[in-house]
Amino acid sequence: MRAVLVVNPQATSTTAAGRDVIAHALASELKLDVVETQYWGHASDTARAAVEDGVDLVIALGGDGTVNEVVNGMFSAAERGDRAMPTLGVVPGGSANVFARALGLPRDPVEATHRLLRAVAEGSGRLVGLGKADDRWFTFNAGVGWDAEVVAEVERLRSRGQNVTPALYARTALSCYFRMARRAPKISLQIGHEDPIEQLHSVFVSNTDPWTYLGSRPVHMSPDTTFDTGLGVFALHNMSAYPVLQHVAQMLRGRGKPHPRNSIQRADAGYLRVTCTEPLRLQVDGDCLGERSAIEFFSVPDALRVAV
């Protein structure tokens, strides 16, 4: 089997020694090419070339951003011509690894590599549904508003040399909350063919649950959402401290059932449209994609085969 290993050397949990061990193990069973990413978009370019070259398996070694780039690169090649879509393999190497953990993969990269090799030998895998935000594929979540502001601020702090940790995310989420709580709601949400819901502060879109993790603790924003359903959506009407703290506590306890007066929650949605009275940031799988005034979200069932 021909395979390409796409390695992000800047990923939090990826070391040169660990990369070499993983590559050696994979090369013992696969005809393997290894590519280390050198710029933003390199993982996407590599995955696109792998599909065009007829590779059987594309393996992402890195965090969720690397996985997202690889997935988008694979689909960009498949959509441009009559190309067979390879299987995706994932070896977690970042700080959160939400997609890998949602698939039930081991957190340890070496253990995940052994699981991947066993899956390849046995031909085991599963089809997963994905989401799209306009033309950008996402594997586990996307959002407009609070979460996108947090992602943008964390990216800014990381560019200044700060280590990305759960504590940094928590502090940043708190500071962004206080900024947003003073603002007027600017978001409108349409679910399917329903009438738009106006005056929302944030819209969170899930492709699976847990939506993310705080360290080892899962955050359950849409418990009825899985890779086999449509999208889950959670939107905030009210940014007052008490209802927001209620929501956070429910999500950390795994309930994820907010009070309808303060928020909107829906599962198994096939289509969502978000419009903003002024451009707001959009995040997809933990990467900020800049500001948008309107975004369409789509659920795509059984979009991708993953070796598990």
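The values are calculated or read from the model by the stated rules, or taken from the named source; none is laboratory data. Because the structure is a prediction, the values reported are computed rather than measured. Heads up, the Cβs are rebuilt from the backbone with ideal geometry, glycines too, and the neighbour counts pull from every protein chain shown. Quick note on the areas: whole protein, heavy atoms, side chains included, nothing else; ligands and nucleic acids left out. Shrake-Rupley method; radii C 1.70, N 1.55, O 1.52, S 1.80 Å.
So what is the accessible area of the chain per residue, in Å², with the probe set to 1.4 Å?
44
Taking the chain as the reference, fit the longest principal axis to its C-alpha atoms, fit the long axis of helix 42-52 to the helix C-alpha atoms, and give the angle between the two in degrees, 0 to 90, nearest 10.
Once rounded, the angle reads 60 degrees.
Per residue and in cubic angstrom, what volume does the convex hull of the Cα atoms of the range 96-255 have?
Per residue, the Cα convex hull of the range 96-255 comes to 146 Å³.
What nm value, rounded to one decimal, do you get for the distance between Val219 and Glu291 when each label is placed 7 Å out toward the C-beta?
So the label points at Val219 and Glu291 sit 2.4 nm apart.
Between (1) 26, 23, 19; (2) 33, 20, 17; (3) 31, 27, 18, which entry matches semi-axes √(5λ) of the Cα gyration tensor in Å as derived from the coordinates of this structure?
(2)
Determine the percent antiparallel among the DSSP beta bridges restricted to the range 51-158, to the nearest 5.
In the range 51-158, approximately 35 percent of DSSP beta bridges are antiparallel ones.
How large a share of the accessible area of the chain, in percent, is made up of carbon and sulfur atoms when the probe is 1.4 Å and the other protein chains stay in place?
49
Of the chain, which part is the longest with no GluC sites (Glu not before Pro) in a loop (DSSP not H, G, I, E, B) and with at most 15 other C-beta atoms within 10 angstrom?
Between the exposed loop sites, the longest stretch runs 30-193.
Measure nothing but the geometry: give the 0 to 90° angle between the long axis through the Cα atoms of 146-159 and the longest principal axis through the Cα atoms of the chain, rounded to 10°.
That works out to roughly 50 degrees.
For the chain, find the longest principal axis of its Cα atoms and tell me its angle to the long axis of helix 109-122, 0 to 90°, nearest 10.
70
Along each principal axis of its Cα atoms, how long is the range 77-147 end to end? Whole angstroms, biggest number first, please.
Cα spread of the range 77-147 along its principal axes, largest to smallest: 38, 37, 17 Å.
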